[in-house]
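All remarks here apply to the structure that follows.
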Amino acid sequence: MLNHVPRLHRCLKCLPPMAILILLQISCDLHASQIRVVATTTMITDAIQQVGGDRVSVEGLMGPGVDPHLYKPAASDVIKLSRGEIIFYNGLLLEGKMAALFSRLSRQGKPVYAVTEGIKRSQLIKPENVSGHWDPHVWGDPRLWAECIRNITETLKRHDAEGSDTYDRRSKRYLKRLDELNAWGKRNVETIQANKRILITSHDAFNYFGKAFGLKVVGVQGISTVTEAPLADIINIVDFIKTHQIPAIFVESSVSPATINRISEDSGTSVGGELFSDALGTPGLMETHDGRSFDLGTYEGWIGHNIATVVRSLQ
Ligand SMILES: [Zn+2]
């Protein structure tokens, strides 16, 4: 909304005083009625913007390239969170170092919501080697992310009943776009030879992505980035790459590339590019793939860039 203010000032000269008062009042109302929302990851920040539009002002704590597993809230984050009227986080222990802060805020009566809360447990993936923990990277599957969008929509409606129609309309339109994106991604992955649809990356951020788009996923570091890959795993993966003649493996935007570079050297396979894992890219940076244009700072850009990078390198 701030963008509208200078324009408003420029045209004030040619308006009668009463109209000026009305316009200023509308401008103030729009500011005053905006709901202050705070979100953790860039994916959630984008989702809230898509659904909320001008009715919400959303502040994201984590920027592009930030790893949510390791993220420790700064003092300024605590201030942002305490000013927010609604707080959204991913949940399923993605923000491992923020859990205590969220439960404290919740006990203090602050509305704190995990966007993954409404997802049926049967749709979640349980990692093989970690017990009592669901894989938190649900945004990899546009249809599961759509559940999170529905969750955000219902929560915003509850807090701002007057905006219900706006939230419903925007949400419906956005979910339709995600449906089309899902179909686009599947069509593209199908162009990779079936036995080459194998995605090897730093950590297991792509289990849902792989399941949604028909790629077998091999992560080197497990579902969190807190621990480094053990040597035995690296040797196994090098063998696996050689046996299956995997044409490329991938580094991730929010994880150190050291292990993947080492595997690339040891196995002789190339690094196929950088995938976005636990964060979106730079807002406003555009890429075009297969006739579609993507803003890398959006969730649609996350899917578009990752699909295109994988398809280009594995074909
Ligand atoms: Zn992760």
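All of the numbers you see were taken from the coordinates with simple rules; none came from a lab. Everything quoted here is computed from the prediction, not taken from an experiment. Quick reminder, even Gly has a Cβ in these numbers, built from the backbone with ideal geometry, and neighbours come from all protein chains shown.
With both labels modelled 7 Å from their Cα along Cα-to-Cβ, the residue 258 to residue 126 distance reads 3.4 nm.
Using only the C-alpha atoms of the chain, find the volume of their convex hull and express it per residue in Å³.
On the way: hull volume 48.1 nm³, N = 315.
Cα convex hull per residue, to the nearest whole number: 153 Å³.
What does the charge add up to near residue 262, with Lys and Arg as +1, Asp and Glu as -1, over the other residues with Cβ less than 14 Å from its Cβ? Please list the in-between numbers first.
Details: positive: none; negative: 228, 233, 265, 266.
My count for the surroundings of residue 262 gives -4.
Electrostatic bookkeeping for residue 96 treats Lys and Arg as +1 and Asp and Glu as -1; over the other residues with beta carbon under 12 Å from its beta carbon, the sum is -1.
Counting other Cβ atoms within 10 Å as a rough exposure proxy, the listed residues 101, 94 run 101, 94 from fewest neighbours to most.
In summary, the lysines within cross-link reach of residue 110, defined as a Cα separation below 16 angstrom excluding same-chain residues under 8 places away, comprise 80. Neighbours of residue 216, meaning other residues whose beta-carbon lies under 13 angstrom from its beta-carbon, give a summed charge of +2 when Lys and Arg score +1 and Asp and Glu score -1.
Note the full-extension length gain between residue 312 and residue 191 as 0.36 nm times their separation in residues minus their Cα-Cα distance, in nm to one decimal.
On the way: separation 121, 0.36 × 121 = 43.56 nm, distance 0.98 nm.
Additional length available on full extension: 42.6 nm.
Listed cross-link partners 126/216; 126/242; 186/211; 120/211; 216/242; 172/211 are compared with a 18 Å cut-off, the Cα-Cα value being larger for 126/242; 172/211.
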